[in-house]
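The values are calculated or read from the model by the stated rules, or taken from the named source; none is laboratory data. Fair warning: this is a prediction, and the values are worked out from it, not measured in the lab. Cβ coordinates were reconstructed from backbone atoms using ideal geometry, including for glycine residues, and neighbour counts include every protein chain displayed.
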Amino acid sequence: MRSIFVLLCIFSVTFSAKAQSFGKWTNGKYYDQTNTVHEGQILWNIPAKKVLINKADSIYYRTNKKAEKLKIYSDSLNAFVVNQDSFIVSKSISPEVSPFVKVVINHSTKLFASITQHSPAAATIGAAGFGLIGGIAGAAASHSAKLIYFYGVDIDHLTKVDKNNFMPTMLEMMADKPEVLEKIKDRTFRFGNIDELVEFYKTGIIADYLKD
């Protein structure tokens, strides 16, 4: 599992720049609990919080467009990959949050993100990907879904980012970019603007409504 985690940490920091596209199958692969790779096509429905409380998250998989569709639950997965987006299964976060997480910042202490549906209509990760750059994760930017952030040294030791630990966590996490630290310290970015902060850290672009 550790080798998969290290590999996906490398890939996860590269995000799709395209707009979110829902309901489409895309080429990808998943790693089962023995780390066997299954190549094919992947479809992931972003789960609603109430669904996660009652049942684990899952993906759909098929070997090709004519093959039978299989539903695979998170407890049978170590990770899956669609386009440029890699998701790792965490066993250490609360059941109302999807266990599929991305590495957003890959330092010794890492920033992870999970996404949960907040609108009645189902949202699906498909052809265009999760994409922080250029859209703050697509679905989240359209308010159909919400990103929930965690930090930790690995996926088995995660702590949720909240308004109490936001500033010290982000100051440590983003210490390699002084211009970002300045905006955190002067409270241009607060806990409620964490999506915009991550985009600023990754791209140098700041939302117009946050500018002086």
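Does ILE155 meet the test of being in contact with a strand residue (DSSP E or B) (Cβ under 6 Å, 6 or more places away or on another chain) and assigned to a loop (DSSP other than H, G, I, E, B)?
Yes, satisfied.
Among the residues of region 173-212, write down those that are exposed (fewer than 13 other Cβ atoms within 10 Å of the Cβ) and not in a loop (DSSP other than H, G, I, E, B).
Those that are exposed (fewer than 13 other Cβ atoms within 10 Å of the Cβ) and not in a loop (DSSP other than H, G, I, E, B): PRO178, GLU179, GLU182, LYS185, GLY192, ASP208, TYR209.
Hey, any hits in region 115-136 for a residue that's over 22 Å from LYS29 (Cα atoms) and modelled with pLDDT of 75 or more?
The answer is no, given that none of the residues of region 115-136 is over 22 Å from LYS29 (Cα atoms) and modelled with pLDDT of 75 or more.
When region 155-184 is examined, which residues are found to be of a type in the set (A, V, I, L, M) and touching a residue at least 60 places away in the same chain (Cβ under 8 Å)?
Across region 155-184, the qualifying residues are ILE155, LEU158, MET173, MET174.
Given the options LYS50, LYS110, LYS91, LYS71, name the one that is loosely packed, with under 12 Cβ neighbours inside 10 Å and at pLDDT 90 or above.
After ruling out the rest, the residue left standing is LYS71.
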